[in-house]
Amino acid sequence: MAPRDLLLLLLAAVLLPASSTADPDAVQDYCVPDTGGRAVPVDPARLPSYPCRSPANLTAADFTSAGVRAAGNFSSDTGFAGVSVTPATFPALHTLGMSFARADLSAAGGVNPPHYHPRATETALVLAGRVYAGFVDSGGRVFAKVLEKGEVMVFPRAMVHFQMNVGDEPATVYGSFNSENPGIVRIPATVFGSGIKDGVLERAFGLSPEELRRLQKRFGPPKTKTAEMDD
């Protein structure tokens with residue numbers, strides 16, 4: 001084989017896998033799913049199976065949402081209220097690679113507990129109030145500061161992050177995500193409410209059985225059978 005041909009073959013071996021495994025580009029302007037009249041929310045897993053509605057049958061209303069106009073229901077424990085908007089509730093977002101959310105924090109200590117989004121980076125814009133916000137990177141370093149109205153902070157994909165109201169008035173934060181299905185893993189509920197064996201949690205966190213039961217009562221639902229294999 002000639003040297004030139006060998007070089008072309010090597011380049012193809014390097015470049016073709018990269019192009020074939022990249023996320024595909026959109027082949028149309030948008031795809032508002034035709035759910036056959038089914039009411040929202042729609043099962044996100046089923047969205048790709050629905051055909052796109054004809055652009056001739058769409059109006060501006062199909063691309064408009066009032067989903068974050070009002071706050072959600074506040075938690076009495078944390079003073080947090082969240083409203084998430086994804087293609088499941090706003091179908092026009094389908095195939096556009098984005099979603100958004102509204103977070104409200106009651107005055108003086110309302111907190112959005114540590115959590116992360118496994119499939120998205122988030123940008124958080126403070127619409128009202130003063131919010132202490134930050135994230136922890138994979139090296140254990142905390143990046144945090146008090147954000148004033150109009151300031152934005154970015155939380156890199158899959159990094160644990162948090163928000164707390166440090167002002168005297170309620171605070172509102174608008175979050176946007178570069179995924180239509182960012183997912184959310186809430187640390188307290190995931191650790192103490194998912195059914196991990198007590199012995200693991202007691203040893204990992206240095207908890208007594210009484211302390212663990214108190215945390216499980218606060219953050220976890222009643223115990224159910226887990227998906228793990230029996231010993």
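The values are calculated or read from the model by the stated rules, or taken from the named source; none is laboratory data. This structure is a prediction, so every number in the text was calculated from the model and none was measured. Heads up, the Cβs are rebuilt from the backbone with ideal geometry, glycines too, and the neighbour counts pull from every protein chain shown. Areas reflect the complete protein model, heavy atoms only, side chains present, ligands, DNA and RNA absent. Shrake-Rupley method; radii C 1.70, N 1.55, O 1.52, S 1.80 Å.
All but one of (1) of a type outside the set (A, V, I, L, M); (2) closer than 21 Å to Pro182 by Cα; (3) at pLDDT below 95; (4) open to solvent by 60 Å² or more (accessible area, probe 1.4 Å) hold for Pro33; which doesn't?
Just one mismatch for Pro33, condition (4).
Quickly run through the range 102-136 and pick out the residues that are open to solvent by 20 Å² or more (accessible area, probe 1.4 Å) and either over 19 Å from Arg186 (Cβ atoms) or of a type in the set (A, V, I, L, M) (or both).
Result: Ala107, Ala108, Val111, Thr123, Leu125, Leu127, Ala128, Gly129, Arg130, Val136.
Being open to solvent by 30 Å² or more (accessible area, probe 1.4 Å) and under 17 Å from the mean Cα position of the chain (by Cα) is the filter here, so list the residues in the range 154-175 that pass it. Lay out the reasoning, then the answer.
Start the filter on the range 154-175 by keeping residues that are open to solvent by 30 Å² or more (accessible area, probe 1.4 Å), which leaves 154, 156-160, 162, 164, 166, 168-170, 174.
Once the filter is applied, which keeps residues that are open to solvent by 30 Å² or more (accessible area, probe 1.4 Å) and under 17 Å from the mean Cα position of the chain (by Cα), the range 154-175 yields Val154, Pro156, Arg157, Ala158, Met159, Val160, Phe162, Tyr174.
Return a yes/no flag: does the range 52-63 have any residue that is under 16 Å from the mean Cα position of the chain (by Cα) and basic (Lys, Arg). Write out each step before concluding.
Kept after step one, since they are under 16 Å from the mean Cα position of the chain (by Cα), are these residues of the range 52-63: none.
Scanning the range 52-63 turns up no residue that is under 16 Å from the mean Cα position of the chain (by Cα) and basic (Lys, Arg).
Under the condition of being part of a loop (DSSP other than H, G, I, E, B) and touching a Ser or Thr at 6+ places or on another chain (Cβ under 7 Å), which residue from the range 74-99 is farthest from Tyr132 (Cα to Cα)?
Initially, the range 74-99 is screened for residues part of a loop (DSSP other than H, G, I, E, B), giving 74-79, 86-90, 94-98.
Now restrict to residues that are touching a Ser or Thr at 6+ places or on another chain (Cβ under 7 Å): 74, 79, 86, 90, 97-98.
Details: Phe74: 19, Gly79: 14, Thr86: 26, Phe90: 30, Gly97: 28, Met98: 25 Å.
Result: Phe90.
Taking the range 125-167 as the region of interest, how many residues are without any contact (Cβ under 8 Å) to a residue 12 or more places away in the chain and polar (S, T, N, Q)?
Within the range 125-167, residues that are without any contact (Cβ under 8 Å) to a residue 12 or more places away in the chain and polar (S, T, N, Q) number 0.
I'd like to know if the range 10-25 contains one or more residues that are touching a His at 6+ places or on another chain (Cβ under 8 Å), in a helix (DSSP H, G or I), at pLDDT below 90 and open to solvent by less than 60 Å² (accessible area, probe 1.4 Å).
no
Restricting to the range 96-136, name every residue that is of a type in the set (D, E, K, R) and in contact with a strand residue (DSSP E or B) (Cβ under 7 Å, 6 or more places away or on another chain).
Quick first cut of the range 96-136, residues of a type in the set (D, E, K, R) only: 102, 104, 119, 122, 130.
Correct list: Arg102, Asp104, Glu122, Arg130.
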